[in-house]
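See structure below.
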Amino acid sequence: MAIAFIFPGQGSQYSGMGKELYEAFPEAREVFEEASEGAKVDIRKLCFEAPEEELTLTYNAQPAIFTVSMAVLRVLEKAGFKKPDVVAGHSLGEFSAAGAAGVFSVGNGALLVRKRGEFMQSAVPAGVGGMTAVIGLPAETVEEIINKVKSGFVQVANYNSPEQTVISGEIKALQEAEEMLKQAGAKRVVRLAVSAPFHSKLMEPAAKRLKELMEELPFHKANPPILNNVDVKLIKEPEEIKDSFYRQVFSPVRWVEDVLKMAQMGVDTFYEIGPKNVLKGLIRRIDRKLKVVNVEKPQDIEKLFG
């Protein structure tokens, strides 16, 4: 059977993440240094000392999560852990997946996601757009309802699990959609604590800036292949990876299909590499038979090597 390494996205950050790993392994410390140098920000300080509201800012959260994921990965590689057959990530996590597949260095990856965060933050003025999680309605029903919204632009941003879909758009349109979704019987409709309408066409200006930056950095062929969010397709070549990253900024994250596709490929064990266990929860709701192992702290690594 096959194994996959999967990587979390924004929202998995928390104060103190990566600290135990940093203290326990010199190779983890190396990753923090490489990432800080690349992103031109002290990531160790961000992860261990920054107040929650500072760490949560998109341009801080993205390089911080990426770095913790890469640090865990470096420790696993140094210990000789088996190589995955495929890598994938949720939104930002796709950049960590690319780092795991050798597409770019830790420094360049950290720079990319730091800038991606800045571009996304500045694409839409604060207060203009947002995101809402819808729990307890099938995605098709959510799509049908938001297509009837009259007061502005709204679209599906994340297909997270059969029961959880996230929508993204202009505030007025979100408010209208939220009312309609509650009336349609959604169990919960929760406005997310994010500063912009991510994964919607309102992010196109950010995608253009990211595309320009990617042209300045070396990209290598992915090994193993990356299963992407935009097309649910295995990608390897540098140009298709750049194109996938570009479109991902303004397109939905098709996580449910990604997980089902990996299961079809024979993946029976997913290693969630990085902070928290958000993806484990989502996969459990997609297919309970799939095994997900969280790898974040020294004790997780000890357990793996038994």
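The values are calculated or read from the model by the stated rules, or taken from the named source; none is laboratory data. Note that the structure is a prediction, hence the values are computed from the model and not measured. A quick note on method: Cβ atoms are made from the backbone with ideal geometry, for glycine too, and the neighbour counts reach across all protein chains shown. The accessibility values were calculated without ligands, DNA or RNA, using every heavy atom of the protein model including side chains. Shrake-Rupley method; radii C 1.70, N 1.55, O 1.52, S 1.80 Å.
Using C-alpha pairs below 8 Å separated by at least 6 residues, the relative contact order for segment 109-187 is 35 percent.
Note on the chain: Kirkwood radius taken over Cα pairs, Stokes-Einstein applied at 10 °C and 1.306 mPa s, translational D equal to 82 µm² s⁻¹. Within the chain, antiparallel bridges make up roughly 55 percent of the DSSP beta bridges whose residues both belong there. Largest first and in whole Å, the equivalent-ellipsoid semi-axes of segment 71-180 read 35, 19, 9, each the square root of five times a Cα gyration tensor eigenvalue. Surface composition of segment 226-306: carbon and sulfur make up 46 percent of the accessible area, probe 1.4 Å.
Relative contact order, whole percent, for the chain stands at 24, derived from Cα pairs under 8 Å and 6 or more residues apart. Among the protein heavy atoms of segment 123-225, carbon and sulfur supply 52% of the accessible surface, probe 1.4 Å, non-protein parts ignored.
Dividing the convex hull volume of the alpha carbon atoms of segment 26-98 by its residue count gives 86 Å³ per residue. Accessible area per residue for segment 91-197 is 38 Å², calculated with a 1.4 Å probe on protein heavy atoms, without ligands, DNA or RNA.
If you wrap the Cα atoms of segment 107-250 in a convex hull and average its projected area over all directions, you get 8.9 nm². What the phi angles of segment 39-51 give under the Karplus curve with 6.51, -1.76 and 1.60, with θ = phi - 60°, is a coupling list of 7, 6, 8, 7, 6, 4, 5, 4, 6, 9, 10, 5, x Hz, glycine and proline written as x. Placing unit charges on the Cβ atoms of the charged side chains and taking the dipole of the chain about its Cα centre, the candidate lying farthest along the positive direction among Ala71, Ile235, Leu137 is Leu137. Here the contact order of segment 177-280, divided by its residue count and restricted to Cα pairs under 8 Å and six or more residues apart, works out to 25 percent. Amide H contacts of Asn294: Glu272, each under 5 Å away and 5 or more positions distant or on a separate chain (H built 1.01 Å from N in the peptide plane; Pro and chain starts excluded).
Rolling a 1.4 Å probe over the protein heavy atoms leaves Tyr14 with an accessible area of roughly 50 Å².
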